[in-house]
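The values are calculated or read from the model by the stated rules, or taken from the named source; none is laboratory data. It should be emphasised that the depicted structure is a prediction, and the values quoted were computed from it without experimental measurement. A quick note on method: Cβ atoms are made from the backbone with ideal geometry, for glycine too, and the neighbour counts reach across all protein chains shown. What goes into the accessible areas is simple: the full protein's heavy atoms, side chains included, and nothing from ligands, DNA or RNA. Shrake-Rupley method; radii C 1.70, N 1.55, O 1.52, S 1.80 Å.
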Amino acid sequence: ALKGSPNDADLFLRRAELHRMHRDWDAAERDYAQVNRLAPGLEGAKLGLAELRLAQGREEDALQLLDEVLEKCPTHAFARSLRAALREKRGDWKLADEDLAAATEASPELHYATKRADLLERHGQAEAAARCLDEASIARGGVPLLEQQALTIEERAGRTGAALRRLDGLIARE
């Protein structure tokens, strides 16, 4: 136990996360179990345990935990992102896209939009990938980084006309 704070679930959760990152699975398991005893249903514990299950290669268990987290908090962007990665790995990129679309909408962090664009591009959906970056940029008041990534996607897809229109638009705004 943590001396001086044997009932502090947050401290056990922090220690569990450190054990997980250090790949000490048994110690992480013990601390996640203690968090669950002290604060049953704590979202961070389930999410951390899902990450542990992923690291252990126990994907079905991880998916179940992520589903539980998202049932309680459907807008949890990080949980959506983790589940999207699992879904894509299992061959269901369209469900993965739904998760990343929800994560992009729920969070101001840019990396959810870029992850979604990468997913779409990997699955031959360059136009949709560029559009999702456009939408994320507009929703955030214009983000040059997202606009540049959309341009790069257009170029890689051989969509020269679309890339030129984007460049002309970027030049006209400067």
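Just want to confirm a number: the relative contact order over segment 27-137, from Cα pairs under 8 angstrom separated by 6+ residues, in percent. Working shown, then result.
On the way: 116 pairs, mean separation 16.4, N = 111.
Answer for segment 27-137 is 15 percent.
How much of the accessible area of the chain, in percent, comes from carbon and sulfur atoms when a 1.4 Å probe is used?
Working: 5000 of 9820 Å².
Here it works out to 51 percent.
Magnitude of the Cβ-charge dipole of segment 77-154, K/R +1 and D/E -1, about the Cα centre, nearest 20 debye? Before the final figure, lay out the partial values.
Values: 11 positive and 14 negative charges, 75 e Å.
Dipole of segment 77-154, to the nearest 20 debye: 360 debye.
On a full-extension model of 0.36 nm per residue, what is the gain between A27 and L170, subtracting their alpha-carbon distance, rounded to one decimal in nm? Intermediate results must be reported in sequence, preceding the final value.
Working: separation 143, 0.36 × 143 = 51.48 nm, distance 5.21 nm.
That pair, A27 and L170, stretches by 46.3 nm at full extension.
Among D134, D31, D92, determine the one that fluctuates most according to a GNM of the chain built with springs between C-alpha atoms less than 10 Å apart.
Sorting by GNM fluctuation, first place goes to D92.
Against the globular-protein guess of 2.2 N^0.38 Å, express the Cα radius of gyration of segment 7-52 as a ratio, rounded to two decimals.
Details: Rg = 8.9 Å, N = 46, 2.2 N^0.38 = 9.4 Å.
The reported ratio for this selection is 0.95.
In segment 29-45, whose amide N lies under 17 Å from the spot 7 Å out along Cα-to-Cβ of D10? List them in ranges.
Output list for this probe position: 35-36, 38-45.
Hey, could you get me the Stokes-Einstein D for segment 117-164, Kirkwood radius over alpha-carbon pairs, 25 °C and 0.890 mPa s, rounded to whole µm² s⁻¹? Don't skip to the answer; put the middle values down first.
Numbers: Rh = 10.4 Å.
Diffusion coefficient, whole number: 236 µm²/s.
Could you run the Debye sum over the Cα atoms of the chain, one equal point scatterer each and no solvent, and tell me log10 of I(q)/I(0) at q = 0.10, 0.11, 0.17 Å⁻¹, two decimals?
Scattering profile of the chain, log10 relative to I(0): -0.49, -0.57, -0.98.
Over what distance in Å are the Cα centres of segment 130-158 and segment 7-81 separated?
34 Å
For the pair F78/E105, report the inter-label distance in nm, with labels modelled 7 Å from Cα in the Cβ direction.
2.2 nm
Name the residue farthest towards the positive end of the dipole of the chain from the options I153, A139, W25, assuming +1 on Cβ of Lys and Arg, -1 on Cβ of Asp and Glu, about the Cα centre.
W25
Could you tell me which trypsin sites (Lys or Arg not before Pro) in segment 23-84 are loop residues by DSSP with no more than 12 other beta carbons within 10 angstrom of their beta carbon? Provide the component values of the computation, followed by the final result.
On the way: sites: R23, R30, R37, K46, R53, R58, K72, R80, R83; in loops: R23, R58.
Loop-located and lightly packed - R23.
Quick check for you: with a 1.4 Å probe and neighbouring chains kept, what is the accessible area per residue of the chain, in Å²? Mind showing how you got there, number by number?
On the way: 9820 Å² over 174 residues.
Accessible area per residue: 56 Å².
Only helical DSSP H runs with n ≥ 4 go in: add -39500 (n - 2.57) per run for the chain, normalise by residue count and round the 222 nm mean residue ellipticity to 500 deg cm²/dmol. Before the final figure, lay out the partial values.
On the way: 10 runs with 135 residues, N = 174.
Estimated from H runs of four or more residues: -25000 deg cm²/dmol.
Which number do you get for Rg(Cα) / (2.2 N^0.38 Å) in segment 67-122? Before the final figure, lay out the partial values.
Working: Rg = 10.2 Å, N = 56, 2.2 N^0.38 = 10.2 Å.
The value comes to 1.00.
Mind checking the dipole of the chain: about its Cα centre, +1 per Lys or Arg Cβ, -1 per Asp or Glu Cβ, Debye to the nearest 20?
Details: 27 positive and 32 negative charges, 46 e Å.
It comes to approximately 220 debye.
Report relative contact order for segment 79-147 in percent, whole number only (criteria: Cα-Cα under 8 Å, sequence separation at least 6).
On the way: 73 pairs, mean separation 15.3, N = 69.
In percent, rounded to a whole number, it is 22.
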